[in-house]
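**Student:** Take this structure, written in structure tokens, and hold onto it; I'll ask about it next.
The values are calculated or read from the model by the stated rules, or taken from the named source; none is laboratory data. Computed from a prediction, not measured in an experiment: that's the story for all the values here. Neighbour counts are summed over all protein chains in view; Cβ atoms, including those assigned to glycine, are modelled from backbone coordinates with ideal geometry.
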Amino acid sequence: MTTTYLLIAIAVIALLYSTSLYNRFVSLRNNAVKAWSNIDLLLKQRHDELPNLVAACKEFMGHESELFTQVTELRMQAETARKSQDVNEVSKSEGALNLAVSGLLARAEAYPDLKSSANFQQLMGRVSTIEDSITDRREFYNESVNILNTRRDQFPAMIVARAFGFAAKSLYEVEAGQKGTVDIGGLFNKD
């Protein structure tokens with residue numbers, strides 16, 4: 001009789017522990033999803049602001065049409081990637097877009113009338129604020145994903161994670177091209 005009670009107690013403890021692990025994985029997964037949603041929202045806001053910034057620049061930089069076309073095309077590619085919710089593709093396309101926007105802003109330095117335009121200054125401030133927020137949210141997302149992935153790979157939690165299909169998530173990484181120094185002089189000399 002004592003053995004039966006002991007086995008029942010062990011089964012109940014194992015069930016409670018498994019339930020606790022399952023609930024923890026649900027919480028970790030939901031935190032990662034929430035963090036990604038925050039990034040997605042900010043990317044959408046940035047994509048909404050970029051056409052306004054390009055339009056303000058076009059007013060003063062009419063002969064830079066190749067640059068405007070590049071920013072517009074990269075924005076559309078990044079928007080498509082954002083809608084796919086593929087973290088790696090979003091990271092890659094957003095990196096290319098960031099470089100193009102940096103080039104646009106570097107070239108804008110050569111236009112004093114543009115730099116003094118209130119509309120341009122307001123748009124620049126808005127885009128800069130959004131960029132800072134994206135950086136903060138990306139850090140929070142990566143931390144959430146790291147905690148989820150680490151917990152998923154630890155024993156005995158890995159048994160529950162695999163049994164219930166809690167998959168590893170990808171980090172939002174900065175592309176190699178975004179890590180180097182930007183050649184500002186080269187950006188001014190492109191035509």
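**Student:** Search the stretch 21-32 for residues that are over 13 Å from residue 157 (Cα atoms) and pair each with any residue that is among the charged types (D, E, K, R) when their beta-carbon atoms are under 7 Å apart and the residues are at least 6 apart or on different chains.
**Tutor:** Every condition considered, the pairs that remain are 32/169.
**Student:** For residue 139, indicate whether it is out of contact with any Cys (no Cβ under 9 Å at 6 or more places or on another chain) and surrounded by 13 or more Cβ atoms within 10 Å (Cβ to Cβ).
**Tutor:** Considered against the rule, which asks whether it is out of contact with any Cys (no Cβ under 9 Å at 6 or more places or on another chain) and surrounded by 13 or more Cβ atoms within 10 Å (Cβ to Cβ), residue 139 comes out as no.
**Student:** Tell me, yes or no, whether the stretch 57-64 has at least one residue that is closer than 19 Å to residue 119 by Cα and at pLDDT 85 or above.
**Tutor:** Checked the stretch 57-64: at least one residue is closer than 19 Å to residue 119 by Cα and at pLDDT 85 or above.
**Student:** Using the structure shown, decide if residue 89 is within 30 Å of residue 168 (Cα to Cα) and either within 16 Å of the chain's Cα centre (by Cα) or surrounded by 17 or more Cβ atoms within 10 Å (Cβ to Cβ) (or both).
**Tutor:** For residue 89, the condition - within 30 Å of residue 168 (Cα to Cα) and either within 16 Å of the chain's Cα centre (by Cα) or surrounded by 17 or more Cβ atoms within 10 Å (Cβ to Cβ) (or both) - is met.
**Student:** Within the stretch 35-65, work out how many residues are touching a residue at least 40 places away in the same chain (Cβ under 8 Å) and part of a helix (DSSP H, G or I).
**Tutor:** The total comes to 18.
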